[in-house]
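To keep things clear, I will list the structure first and then write my remarks on it.
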Amino acid sequence: MKVSKITSHVFIYVLLVLGGLMMLLPFFWMVSTAFKTGFEAMQTPPTWFPKHLLWRNWVQTWHAAPFAQYLLNSVIISVVTTFGQVITSIMAAFAFAKLKFFGKRLLFWLLLATMMVPGEMLIIPNFVTLSQWHLVNTYGALIIPWLASFFAVFALRQSFAQVPDQLYAAAKLDGASDWRFLWQILVPNAKSSIMAVALLQVIGSWNSFMWPLIVTNSETMRTLPVGLQAFSTDAGMSYPELMAAATFVILPMVILYLALNKYVVHGMRIGGMKG
């Protein structure tokens with residue numbers, strides 16, 4: 001029995017290691033290609049390691065497009081949308097978790113149903129609305145549609161629901177306002193879930209490609225993912241520089257996720273404990 005258990009554990013670990021290696025393989029290929037010559041990048045059969053590390057690819061990539069402006073835009077958009085989404089989600093989640101008002105359950109289920117709507121269906125209505133507000137090619141167009149997310153509201157509502165209603169009633173009897181109860185009791189207790197929501201929004205905003213491509217038409221408003229187009233021209237594609245640029249885009253999020261991934265796991269586990 002013990003041998004069988006050990007064998008099953010070994011089998012699971014082998015599968016996990018193989019799965020991890022398969023997921024890391026594209027990243028290894030991306031970084032490896034960034035150091036190759038153009039000929040090596042297109043060589044058949046492909047080579048896994050470059051013969052010489054061409055560091056100049058990275059310098060040329062940085063100067064081939066206004067990456068400093070792209071980086072600034074991505075940072076501004078990610079920070080503002082994340083902050084806005086966290087604030088709106090916290091307040092909405094508190095209302096759905098603790099407050100009593102007419103039609104609360106119906107409104108909650110209607111908003112929950114909106115999560116079933118594909119995001120692509122909202123592109124045209126959002127674009128038309130922002131065009132009428134004369135916000136196309138501005139930070140407003142890149143930020144306003146993402147200041148609220150019902151997925152974030154749902155996750156935080158689940159976490160806030162873990163706090164007993166008796167504690168809320170006791171706080172009200174002691175004279176605490178809803179605002180004070182929210183920020184001094186609920187928010188500290190849901191720190192992991194809030195961090196998880198914030199991290200997922202930062203990653204989503206940073207990696208967003210379709211929406212920034214649609215609502216911007218000048219280099220000064222482009223974000224990093226959209227800036228990768230600079231390496232695709234009518235004359236062809238420079239794969240080493242493109243892979244170096246892709247590394248520039250991905251590396252900050254990889255570092256951020258590795259530093260904070262425990263909050264995602266812990267926060268999502270707590271958020272899913274209670275409906």
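The values are calculated or read from the model by the stated rules, or taken from the named source; none is laboratory data. This is a predicted model, so every value here is computed, not measured. Counting neighbours? That spans all protein chains shown, and the Cβs are built from the backbone with ideal geometry, glycine included. Keep in mind that these areas ignore ligands, DNA and RNA; they rest on the heavy atoms of the full protein, side chains included. Shrake-Rupley method; radii C 1.70, N 1.55, O 1.52, S 1.80 Å.
Please work out if Gln60 is among the polar types (S, T, N, Q) and in contact with a helix residue (DSSP H, G or I) (Cβ under 7 Å, 6 or more places away or on another chain). Break it down stepwise before answering.
Details: among the polar types (S, T, N, Q): yes; in contact with a helix residue (DSSP H, G or I) (Cβ under 7 Å, 6 or more places away or on another chain): yes.
Criteria met by Gln60.
Does at least one position in the range 263-274 carry a residue that is exposed (fewer than 14 other Cβ atoms within 10 Å of the Cβ), modelled with pLDDT under 85, out of contact with any strand residue (DSSP E or B) (no Cβ under 9 Å at 6 or more places or on another chain) and assigned to a helix (DSSP H, G or I)? Yes: one or more hits.
Can you tell me which residue within the range 115-174, out of those that are of a type in the set (Phe, Trp, Tyr) and closer than 20 Å to Ala93 by Cβ, is least open to solvent (accessible area, probe 1.4 Å)? Step through it out loud before you land on a result.
So the first thing to find is which residues in the range 115-174 are of a type in the set (Phe, Trp, Tyr), and the list is 127, 133, 139, 146, 150-151, 154, 160, 168.
Within this subset, residues satisfying the condition of being closer than 20 Å to Ala93 by Cβ are 146, 150-151, 154, 160, 168.
Details: Trp146: 103, Phe150: 29, Phe151: 92, Phe154: 60, Phe160: 1, Tyr168: 33 Å².
Here the answer is Phe160.
Trp109: assigned to a helix (DSSP H, G or I), surrounded by 10 or more Cβ atoms within 10 Å (Cβ to Cβ) and either at negative phi or modelled with pLDDT under 85 (or both), yes or no? Talk me through it step by step, then tell me what you get.
Details: assigned to a helix (DSSP H, G or I): yes; surrounded by 10 or more Cβ atoms within 10 Å (Cβ to Cβ): no; either at negative phi or modelled with pLDDT under 85 (or both): yes.
No.
If the condition is being open to solvent by 10 Å² or more (accessible area, probe 1.4 Å) and at pLDDT 90 or above, then the range 35-76 contributes Leu72, Val75, Ile76. Contact annotation: residue pairs with Cβ atoms under 9 Å, 6 or more positions apart or on different chains, pairing a residue in the range 113-130 that is on the phi < 0 side of the Ramachandran plot with a partner that is part of a loop (DSSP other than H, G, I, E, B), are Phe127/Val136; Thr129/Leu135; Leu130/Val136; Leu130/Thr138. Please determine, by comparing only the residues of the range 194-215 that are within 14 Å of Val254 (Cα to Cα) and β-branched (Val, Ile, Thr), which one is surrounded by the most Cβ atoms within 10 Å (Cβ to Cβ). Restricting to residues being within 14 Å of Val254 (Cα to Cα) and β-branched (Val, Ile, Thr), the top hit is Val202.
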